[in-house]
Amino acid sequence: MSDDTYTPPKVWKQDAESGGQFANINRPVAGATHEQELPVGEHPLQLYSLATPNGVKVTVMLEELLAQGFEGAEYDAHLIRITEGQQFGSGFVEANPNSKIPALVDHSTQPPIRVFESGSILLYLAEKFGAFLPHTPAQRTECLNWLFWQMGSAPYVGGGFGHFYAYAPEKYEYPINRFTMETKRQLDVLDRQLAEHRYIAGSDYTIADIAIWPWYGALVRNEAYDAAEFLDIQSYKHLGRWVEEIAARPAVQRGRMVNRAWGDPAEQLRERHDAGDFDTRTWDKIGDDEDS
């Protein structure tokens with residue numbers, strides 16, 4: 001099915017919102033739309049994020065580092081509500097000129113270091129703490145192969161398949177078929193790799209697993225786009241085994257809660273400023289606004 005009524009103009013201009021769930025925050029220009037400073041907590045690492053797959057990568061990484069005893073990985077996680085356009089505030093744009101979550105600012109250095117793009121944040125933290133990244137050239141390269149594979153592949157899953165299958169205001173056969181085929185090809189890539197290895201890059205758990213799990217684990221567990229049956233997820237047996245093994249890790253369970261502002265209240269920790277927040281829920285403002 002195609003839209004035969006649309007002819008692209010010679011020069012594209014945004015004359016109206018594009019429609020769909022996120023139309024109010026889609027725009028063709030960069031930069032801040034308003035003045036809004038970012039809060040800064042007491043820890044050197046300040047994270048500004050939301051528990052989308054890209055955000056979960058970083059909170060899982062930080063929780064894994066803390067679980068390994070790296071006290072310097074203590075962090076404050078501030079909730080950025082992207083549907084309200086908080087990523088276009090002046091403070092956030094200073095931390096990430098691309099206005100996408102997550103953004104990390106490391107205040108342990110002077111001047112502080114800003115780190116944006118989730119893959120860059122994972123690599124930065126892995127190198128900073130010497131963890132979850134192999135040291136030998138061959139193993140390190142294999143890990144980075146898969147990290148960059150995920151960064152290049154995710155747009156086809158989220159912006160491609162997820163958008164046209166779940167969020168687009170109109171359903172068209174061509175884009176859904178196109179991105180479904182690519183998503184299933186990616187699932188098959190992972191399934192074949194995991195048929196021969198316990199973890200993505202080999203026998204060790206690395207930032208490759210931490211990067212890939214939030215996206216593809218959500219598909220396998222039917223937590224994204226309600227598409228498990230449509231994608232025949234059950235056919236990817238090795239991928240399913242890996243997804244559940246990662247999901248059982250306590251640090252992963254904690255990390256996926258941080259900056260979550262939807263779903264089961266028991267799985268939300270909207271802001272995290274101390275490890276004790278998971279127990280006391282001091283910063284979990286459940287029930288105080290429209291997200292509850």
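Yes or no: LEU65 under 18 Å from GLN268 (Cβ atoms) and either touching a Cys at 6+ places or on another chain (Cβ under 6 Å) or among the aliphatic types (A, V, I, L, M) (or both)? Taking the combined requirement at face value, the residue does not satisfy it. Residues that are within 24 Å of GLU42 (Cβ to Cβ) and in contact with a helix residue (DSSP H, G or I) (Cβ under 6 Å, 6 or more places away or on another chain) are absent from the stretch 214-227 altogether. Annotation note: Cβ proximity below 7 Å between a residue of the stretch 258-283 that is closer than 16 Å to GLU223 by Cα and a residue that is of a type in the set (S, T, N, Q) and buried (at least 19 other Cβ atoms within 10 Å of the Cβ) (sequence gap 6+ or interchain) occurs for ARG260/GLN268; ALA261/GLN268. A count restricted to the stretch 167-195 and to residues that are surrounded by fewer than 16 Cβ atoms within 10 Å (Cβ to Cβ) and either under 12 Å from TYR236 (Cβ atoms) or of a type in the set (Phe, Trp, Tyr) (or both) stands at 8. Scanning the stretch 165-203 for residues that are of a type in the set (Ser, Thr, Tyr) and assigned to a helix (DSSP H, G or I), we see that the one that is farthest from TRP215 (Cα to Cα) is TYR174. Please note which helices (runs of 4 or more DSSP H) are completely contained in the stretch 47-154 and include at least 3 residues that are crowded, with 23+ Cβ neighbours inside 10 Å. Qualifying helices (runs of 4 or more DSSP H): 53-67, 118-129. Residue count for the stretch 129-164 under the criterion of being farther than 19 Å from PRO214 by Cβ and either in contact (Cβ under 8 Å) with a residue 24 or more places away in the chain or of a type in the set (A, V, I, L, M, F, W, C) (or both): the result is 6. When you check LYS100 against the structure, is it out of contact with any Gly (no Cβ under 8 Å at 6 or more places or on another chain), at pLDDT below 95 and not polar (S, T, N, Q), yes or no? Criteria not met by LYS100.
A single entry from ALA251, ALA218 fulfils the requirement of being in contact (Cβ under 8 Å) with a residue 40 or more places away in the chain, under 20 Å from ALA67 (Cα atoms), of a type in the set (A, V, I, L, M) and part of a helix (DSSP H, G or I): ALA251. Considering PRO28, PRO39, PRO44, the condition of being under 19 Å from GLU94 (Cα atoms) and surrounded by 15 or more Cβ atoms within 10 Å (Cβ to Cβ) is satisfied by PRO44 alone.
The values are calculated or read from the model by the stated rules, or taken from the named source; none is laboratory data. Nothing here was measured: the structure is a model prediction, and the numbers come from that model. Because the Cβ atoms are built from the backbone with ideal geometry, glycine has one as well, and the counts that use them run over all protein chains shown.
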